Amino acid sequence: MVPEYPGLRPLVPEDYPWVAGRLAQGSSPICDLTPANLFIWRDCERPSVTLVGDSLCIQVEPHSEPAYFLEPVGGSGWLEAVRVCLSHAGRISRAGTALASRLVGQDFRIAPLRDHFDYVYGTEVLATLKGKRFDGKRNQIRRFAASCPDFEFHPLEPEHLAAAAGLFEKWTRMREDGGGEARAASFSHECQRRALDKAFSDFGRLGLSGGALMVRGEMQGFVVATAGYGETAVVHFQYANTEFPGIYQTLLHEACVRLFPHCPLVNLEEDLGVPGLRKTKLSYQPLRLEEKFEILPARDRA
């Protein structure tokens, strides 16, 4: 059972059905409140749960920043839950637009978190890539298909997971050898590896789906997503061997065509302030940026 505040305990795998059910009742579309994300990243984010009245409150204690609460989920006493979360941790972070709008004019400080905005796209747009604005993406996909005419895209199955883990390690070495862009501490190799381990070990329980891009029988790219939670597919991981030009464009295109046709929207999550990642996600012409905010007590105003 989830304890009532001031009780607070770590999130455990057995909580998934109850927590997923409560989150499904919420209205926030942000990736941070996707059930799978909470469980996948729990080694590095260290989430704990409590009930304030009838609101589910989740405290996160990442290694890279001070502890904070995510926005309270559900409940008639949401404003009291906000105040309790702030009194306990000092801030609510990654809050969605709906909650931030409800708090405007009240005794809080609200600040946007641009590095954590989610990128949301129309699935059909990414599946068809129609129009001049996507000429470059289509050219990259044609380039990949020309160099790898026998490539195949398969659903990610348990027997693929060892190969996917190996590809992730290769991707990491290639980035290190190539002097890739620095990532946020929360996006470190160790955190990503642990998150992948959690995703692979609990693939079925977490309702994950995925796809493997095979070239001459070997995995050269894979994607892991939640595609059965509401109308939006949330892409948690994309890794590929960049020795194949156009592979990332092909991987995303195939995923949208084959994995997410029943979801009208695709959320590619945050850019974490990484310039190259931001440029790439903007180049796909997002339908919208799902804004997130930090909420602080008014006494913290400058």
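No lab work stands behind these numbers, since they all come straight from the coordinates. Owing to the predicted nature of the structure, the values given are computational and were not obtained by experimental measurement. Neighbour counts run over all protein chains shown; Cβ positions are idealised from the backbone, glycine included.
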* Hey, quick one: spin label on Arg194, modelled 7 Å out along Cα-Cβ, who in segment 49-74 has an amide N within reach, i.e. under 11 Å? -> 61-64
* To do: Report ³J(HN,Hα) in whole Hz for each residue of segment 193-199, in order, from the Karplus equation J = 6.51 cos²θ - 1.76 cosθ + 1.60 where θ = phi - 60°; Gly and Pro get x.
  => 4, 5, 5, 4, 4, 5, 4
* What is the total of Lys pairs in the chain with C-alpha atoms under 20 Å apart, excluding same-chain pairs fewer than 8 positions apart? -> 9
* **Alpha carbon Rg of the chain, scaled by the compact-globule rule 2.2 N^0.38 Å** => 1.03
* Residue-wise HN-Hα coupling along segment 62-67, computed from phi with Karplus coefficients 6.51, -1.76, 1.60 (Hz; x: Gly, Pro) -> x, 6, 9, 7, x, 4
* Other-chain or far-sequence residues with amide H under 5 Å of Ile58's (modelled H) -> Leu70
* Positive-pole candidate from Gly105, Phe117, Gly210, dipole of segment 73-219, charges at beta carbon -> Gly105
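Taking 0.36 nm per residue of sequence separation and subtracting the Cα-Cα distance, how much length would be gained by fully extending the chain between Val104 and Met1, in nm to one decimal?
Result for the pair: 33.7 nm of gain on full extension.
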* Structure fact -> Expected sort for 102-111, 45-54 on mean C-beta neighbours within 10 Å, highest first, is 45-54, 102-111
* Relative contact order (%) - the chain, alpha-carbon pairs under 8 angstrom, separation at least six -> 26 percent
* Asked: So how do 28-34, 2-8, 14-20, 80-86 stack up, highest first, on mean other-Cβ count within 10 Å?
  -> 28-34, 80-86, 14-20, 2-8
* Asked: Along the positive direction of the dipole of the chain (beta-carbon charges: Lys, Arg +1; Asp, Glu -1; about the Cα centre), which of Gly276, Pro29, Val82 reaches farthest?
  -> Gly276
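What does the charge dipole of the chain about its Cα centre add up to, to the nearest 20 debye, if the Cβ of each Lys and Arg holds +1 and the Cβ of each Asp and Glu holds -1?
860 debye
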